[in-house]
Amino acid sequence: MSDRWVLVDGYSVLHQWPRLRRLAGRSLETRRNALLALLERYADHSGHRVTVVFDAYAVRHKIESVDRPRGVEVIYSGPGKTADDLIERMVGEAERRALILVVTSDNVERQVVETLGARSVSAELFELEVEAELRELQRLIQQHTHRSIGP
């Protein structure tokens with residue numbers, strides 16, 4: 001597993017990635033699950049630790065973080081806190097901040113986490129990285145399948 005830790009502002013990505021915006025008529029849960037499925041494949045192939053943080057500040061009851069299979073941790077911010085609050089806290093408490101990549105299209109949040117020592121990237125640029133990883137995974141699968149079937 002890689003030392004890189006990717007912290008994703010879930011709703012920032014959900015609203016920026018075209019493939020997820022096309023699901024706009026579907027339930028929020030369906031759209032979140034589509035994002036998480038993509039990030040699970042990305043984490044599985046890249047070896048990076050991935051944590052997705054969703055805003056849930058308007059929720060009256062505490063929502064626990066939920067570990068999903070395949071290396072993606074999901075955290076809901078809970079009452080009175082935003083995803084940005086949690087991301088900033090996680091970066092601030094981390095020992096190896098330079099290995100953290102925060103994914104958000106919120107420019108102010110990007111400046112804050114960079115001041116704390118993490119790197120940041122917009123949701124749009126991260127989508128390109130995820131797509132490249134998934135294309136490479138598909139290429140490896142096809143290559144393996146071709147060798148298995150072989151002449």
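No lab work stands behind these numbers, since they all come straight from the coordinates. The structure displayed is predicted, hence computed values, not measured ones. Positions of Cβ are backbone-derived with ideal geometry, glycine not excepted, and every protein chain shown enters the neighbour counts.
Tell me, what is the percent relative contact order of the range 5-149, built from C-alpha pairs under 8 Å that lie six or more residues apart?
25 percent
How big is the C-alpha Rg of the chain next to the rule-of-thumb value 2.2 N^0.38 Å, as a ratio?
Dividing the Cα radius of gyration by 2.2 N^0.38 Å gives 1.11.
So if each residue of separation counts as 0.36 nm, and I subtract the Cα-Cα distance between Arg21 and Glu124, what length gain in nm does that give?
On the way: separation 103, 0.36 × 103 = 37.08 nm, distance 1.24 nm.
Computed gain between Arg21 and Glu124 is 35.8 nm.
Taking neighbour Cβ counts within 10 Å as the exposure measure, how do Glu136, Glu29, Glu129 sort from fewest upward?
Ordered from fewest to most neighbouring Cβ atoms within 10 Å, Glu136, Glu29, Glu129 come out as Glu29, Glu136, Glu129.
In the chain, what % of DSSP beta bridges are antiparallel (nearest 5)?
So the antiparallel bridges in the chain amount to around 15 percent.
Rounded to the nearest 20 Debye, what is the dipole magnitude of the chain about its Cα centre when Lys and Arg each give +1 and Asp and Glu each give -1 at the C-beta?
520 debye
Which whole-Hz ³J(HN,Hα) couplings does the range 6-12 yield from phi under the Karplus relation 6.51 cos²θ - 1.76 cosθ + 1.60, θ = phi - 60°, glycine and proline marked x?
Those phi angles translate into 9, 9, 10, 7, x, 6, 4 Hz.
Counting helices only, and only those DSSP H runs with n ≥ 4, report the 222 nm mean residue ellipticity of the chain as the sum of -39,500 (n - 2.57) divided by its residues, in deg cm²/dmol to the nearest 500.
So the calculated ellipticity at 222 nm is -16000 deg cm²/dmol.
Toward the positive end of the charge dipole of the chain, about the Cα centre and with charges on Cβ (Lys, Arg +1; Asp, Glu -1), which of Ala132, Tyr11, Leu116 goes farthest?
Ala132
What are the membrane-span-like helices in the chain by this rule: whole DSSP H runs, Cα extent along the axis at least 30 Å, mean Kyte-Doolittle hydropathy at least -0.5? Let's see the in-between values first.
Details: long enough: 123-149 (38 Å, -0.53).
The qualifying helices: there are none.
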